[in-house]
1. Show me, for segment 138-144, the HN-Hα J-couplings you get by feeding each phi into the Karplus relation (A = 6.51, B = -1.76, C = 1.60, θ = phi - 60°), rounded to Hz, glycine and proline as x.
2. Name the shape class, rounded, prolate or oblate, that the alpha-carbon gyration tensor gives for segment 16-220, where a ≥ b ≥ c are the square roots of its eigenvalues, rounded holds for a/c under 1.5, and otherwise prolate holds if a/b is larger than b/c and oblate otherwise.
3. Compare the peptides 24-36, 171-183, 110-122 by average per-residue count of other Cβ atoms within 10 angstrom and give them in order, highest first.
4. If I stretch the segment between residue 32 and residue 397 completely, what's the gain in nm (0.36 nm per residue apart, minus their alpha carbon distance), one decimal?
5. Compute the FRET efficiency between residue 24 and residue 191 as 1/(1 + (r/R0)^6), taking r as their Cβ-Cβ distance and R0 = 22 Å, and round to the nearest 0.05.
6. Go ahead and run the numbers for FRET between residue 412 and residue 284, Cβ-Cβ distance against an R0 of 60 Å, rounding to 0.05.
7. When every alpha-carbon pair in segment 101-235 is counted, what percent end up more than 17 Å apart?
8. Sort 391-399, 132-140, 146-154 by the packing proxy (mean of other Cβ within 10 Å over each peptide's residues), most packed first.
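What follows is calculated from the coordinates using simple rules that are stated; it is not laboratory data. Just so it is clear, the structure is predicted and the values come from calculations on it, not from any experiment. Please note: Cβ atoms are built from the backbone with ideal geometry, for glycine as well, and neighbour counts cover all protein chains shown.
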Amino acid sequence: MRYLKEPKPPSEEVTEEIRSTVSEIISAVEREGTSAVRRYSERFDDWSPDSFRVQQSDIDRAYEEIEEAVETSSRFLIDQVTGFAARQRATLVDFEAETLPGVFLGQKWIPVGSVGAYSPGGAYPLIASAVMTVATAKAADVPRVLAMAPPRDRLGIHRPQLWAMVESGADEMFCVGGVQALAGMAFGLEDADPVDMIVGPGNAYVAEAKRQLFGQVGIDLLAGPTEIMVIADDSADPAIIACDLLGQAEHGPTSPAILATTSEDVGRETIREVDRWLETWPTADVSQRAWRDYGTVVVVDDDEELRSVADELAPEHLEVHTRDPQWFVERLTNYGSLFIGTHATVAYADKAIGTNHTLPTRGAARYTGGLWVGKFLKTVTTQRCTPEGSVATAEHAAVVADAELMEGHAVSARLRLNPEYFSDVLEHLDA
């Protein structure tokens, strides 16, 4: 593997300052409730309305002010995300099967009772994130979804973002940002009850808040700065690769943008194309820093090494720009979401196509996928036995329990075979 452009060493994502600040806020909100949320909201966002709950007048303004083109495309996004989530849900079936004579084992999918859906609104007020979290939860039939986003310009939630929350099916909405928002969802805010689960992306403080709140509530996953990796051979178009790398780099100055290629010519030309794009790139102030510090271009010997490098990095987004993308589809195993061929770009998944864009980062794709409808469902099991089923099962359970020295379990099992067994055991103990 030869570097044509090497990134600087990654910085520590969660510093001691972040950990302590998050812990302080969470502890204060747990103790003091809404008053602590108000104090931190005023400090960090200069935002302290009479109520943090979104009022009907705010919703009305969002519907009045949304531009027609934004409404049309946002509704398209909601339809695609909801439709894909519904297809996923249809694959998750309840069942009960007779596994032994008289033994019936089953599986049920039960929606989480309540979900807090957080949408960032700092540098970018993410309409799509509101859809990805709220609409997917509602597709899972979650009864109560509480949506939160920070204020923008001291005017409340960004109007199109609020519109998307409502249209995606949010049951309650609050305008609060950052760690205090997540703590408010976990412990309750104003007249809103605590939620069972918190989902949604955010900065390092938000990610650390989710880590510290896990256990009090469930979470979707812990995500760091967004990532993109492109794997390419000599058939790839460097201008398109460069555009896609910079498109993801605009998320933030610490977002990795990586190209691995079997063609040194493609690698060098992509670097030149990045420089050309940056001359007129609309968010060059952010993308240029990310590319300078975390942009990477490596050349490998063959397709197998290309596959190996991609699986080792386990990127959040993985684009395949090769002559035979299917070869990689059949062999790649570690990625958050896979984009197959030149016409499949991360931008589609982030903003329109329907798959969820809340995905694992920093190598977590080695062991988990991203947010999907199944994250909002609990997989539970059921057992039902007839007397015949007890005959087939009881003595095996008792023998295993005896071997583990868990004699109470053994008694519970053998009692099913012989109702008088309990009396026999008592007589044995008395003796």
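1. 5, 5, 7, 6, 5, x, 9
2. Numbers: a/c = 2.29, a/b = 1.32, b/c = 1.73.
It is oblate, given that a/c is not under 1.5 and a/b is not larger than b/c.
3. Values: 24-36: 17.0, 171-183: 25.8, 110-122: 22.8.
Highest mean packing first, the order is 171-183, 110-122, 24-36.
4. Details: separation 365, 0.36 × 365 = 131.40 nm, distance 4.95 nm.
Full extension from residue 32 to residue 397 adds 126.5 nm.
5. Values: r = 25 Å, r/R0 = 1.15.
E(calc), rounded to 0.05, equals 0.30.
6. Working: r = 69 Å, r/R0 = 1.15.
The formula returns an efficiency of 0.30 here.
7. On the way: 5372 of 9045 pairs.
Of all Cα-Cα pairs in segment 101-235, 59 percent lie more than 17 Å apart.
8. Values: 391-399: 16.2, 132-140: 28.4, 146-154: 21.8.
Taking the mean over residues of other Cβ atoms within 10 Å, the ranking is 132-140, 146-154, 391-399.
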